[in-house]
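Have a look at the structure below before the remarks.
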Amino acid sequence: MRQEKKIVKEFYENYGWTRTDNGVYKDTAAFVDTRPVMQAYHQRSMSRLADYFEKGGRLFLDAGCGAQVSDDYMSIGSRFQQRVCVDISSNALREAREKLGEKTWYVVADITALPFRDAHFAGILCAHVLYHLSPDEQAPAINELHRIQQRGGVCVIVYTWATCLMTNIALYLNPRMLLPKIPGMRWLWRTFLKPYAKTASNAPVPAPDAPSLYFHPQDYHWYRTTVANRMSVTLGCWQAVSLPFSQAFVLDKTFTPFLLTLISGLEQMFPAFMGRVGAYPLFILRK
């Protein structure tokens, strides 16, 4: 096994799919903004993802299934007759089995060499997996998913860009960093925004004892030249909002519900554009 995969496997076997003292998976605590103010946004994103699989079929593959961290995630693919969960981590599959039960099939496998015959699955979901592979293995993994996809079926890949406009806005225009430094804005910051920013800053961050996790997302140019030029694929959007963006702009009160509803609406109306400028695009493979 390559060193990059060993790092990822070790992370999820021994850390990511274990729980914190309050029962949250450590992977979720490190990388997902779980504040109540974000809940409706997350639910809309998962619902939009599930819509791609509304047609149903015989076999549904959850490639890199993880621990099945939410009911919304587990409901994806519910219209298929049989669900198959694949992961490189046996701990992920144990956690998934506790929730999904014995009716689901569980397979320990490498996404770059799946043990299934050609055109086997009517629906395939691969969420937050590809960018944990080395750069030279990401395109072969997409080819492997496409190989086992049935003609007329759908394969949806949740990816993330190496950099994107919305995350850059959060990094360089974070009001928590800028407003306190502007003399004319200090009163506004102290009176209206600072109290809410304190609670918003409680969004999760990686624990100091967290082991390393291999992570190598690529850019839009790679998508255009390596993916879009080789197969029938559409760019969509799962979530435009990244953790840095929510930490910078999503306060627990004030205009936050309107902001997130607006972003969700834009994701729904302009999926390709929001997938391009946002944090988490979708690659929708057709055959």
Review point. Once the piece of chain linking A109 and H216 is laid out straight, how much longer is it, given 0.36 nm per residue of separation minus the C-alpha distance between them?
Key: 36.5 nm
**Study point:** Relative frequency of Cα-Cα separations exceeding 26 Å in the chain, percent
**Key:** 46
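Quick one: dipole size for the chain, taken about the Cα centre, charges +1 on Lys/Arg Cβ and -1 on Asp/Glu Cβ, in debye to the nearest 20. Working shown, then result.
Values: 32 positive and 24 negative charges, 131 e Å.
Dipole magnitude for the chain comes out near 640 debye.
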Review point. What figure in square angstrom, to the nearest 10, would you give for the accessible area of E54 with a 1.4 Å probe?
Key: 90
Practice item. Give the cross-link partners of K9 among the aspartates and glutamates, using a straight C-alpha distance below 19 Å as the criterion and excluding same-chain residues fewer than 8 apart. Key: D27, D62, D87, E95, D110, D136, E137, D209
Revision key, fill the gap. The chain: relative contact order from alpha carbon pairs under 8 Å, six or more residues apart, as a whole percent, is 22
Check your understanding: Accessible area of T234, 1.4 Å probe, to the nearest 10 Å²?
Key -> 80
Check your understanding: Which Cys in the chain stand alone, with every other cysteine's Cβ at 4.7 Å or more from theirs?
Key -> C126, C155, C164, C237
Revision key, fill the gap. Expressed in nanometres to one decimal, the distance between label points 7 Å along Cα→Cβ at K99 and H128 is 1.0
Revision key, fill the gap. Here the FRET efficiency for N143 versus T163, based on Cβ atoms and R0 = 35 Å and rounded to 0.05, is 0.90
Point to revise | Amide proton proximity set for A109, modelled H, under 5 Å, gap of 5+ | key: D87, I88
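Roughly how big is the stretch 81-168's charge dipole about its Cα centre, with Cβ charges of +1 (Lys, Arg) and -1 (Asp, Glu), in debye to the nearest 20? Before the final figure, lay out each step's value.
Details: 8 positive and 9 negative charges, 74 e Å.
Charge dipole of the stretch 81-168: 360 debye, to the nearest 20.
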Review point. Given +1 on the Cβ of Lys and Arg, -1 on the Cβ of Asp and Glu, and no further charges, what dipole in debye does the stretch 1-133 carry about its Cα centre, rounded to the nearest 20?
Key: 220
Check your understanding: Using 7 Å Cα-to-Cβ label points, what is the S90/F116 separation (nm, one decimal)?
Key -> 2.3
Check your understanding: Which one of M274, M231, M46 has the biggest mean-square fluctuation once the chain is modelled by GNM with Cα springs under 10 Å?
Key -> M231
Practice item. Sum -39500 (n - 2.57) across every DSSP H segment of at least 4 residues in the chain, then divide by the residue count to get the 222 nm mean residue ellipticity, nearest 500. Key: -10000 deg cm²/dmol
Exercise for review: Keeping every protein chain in place, order V32, V154 by accessible area at 1.4 Å, biggest value first, i.e. largest first.
Suggested key: V32, V154
Check your understanding: If the limit is 22 Å between Cα atoms, which of K5/K287; K5/K103; K55/K99; K5/K26 go over it?
Key -> K5/K287; K5/K103; K55/K99
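Let's test the formula: R0 of 35 Å, r as the Cβ-Cβ distance of T20 and T225. What FRET efficiency results, to the nearest 0.05?
Working: r = 41 Å, r/R0 = 1.16.
Taking R0 as 35 Å, the efficiency between T20 and T225 is 0.30.
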Review point. With the dipole of the chain worked out from charges on the C-beta (+1 for Lys and Arg, -1 for Asp and Glu) around the Cα centre, which of L173, Y52, W161 lies farthest toward the positive end?
Key: L173
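The values are calculated or read from the model by the stated rules, or taken from the named source; none is laboratory data. The structure presented is a predicted model; accordingly, all values stated were derived computationally and were not measured. Every residue, glycine among them, receives a Cβ derived from its backbone with ideal geometry; neighbour counts consider all protein chains shown. The area values use the complete protein model at the heavy-atom level, side chains included, leaving out ligands, DNA and RNA. Shrake-Rupley method; radii C 1.70, N 1.55, O 1.52, S 1.80 Å.
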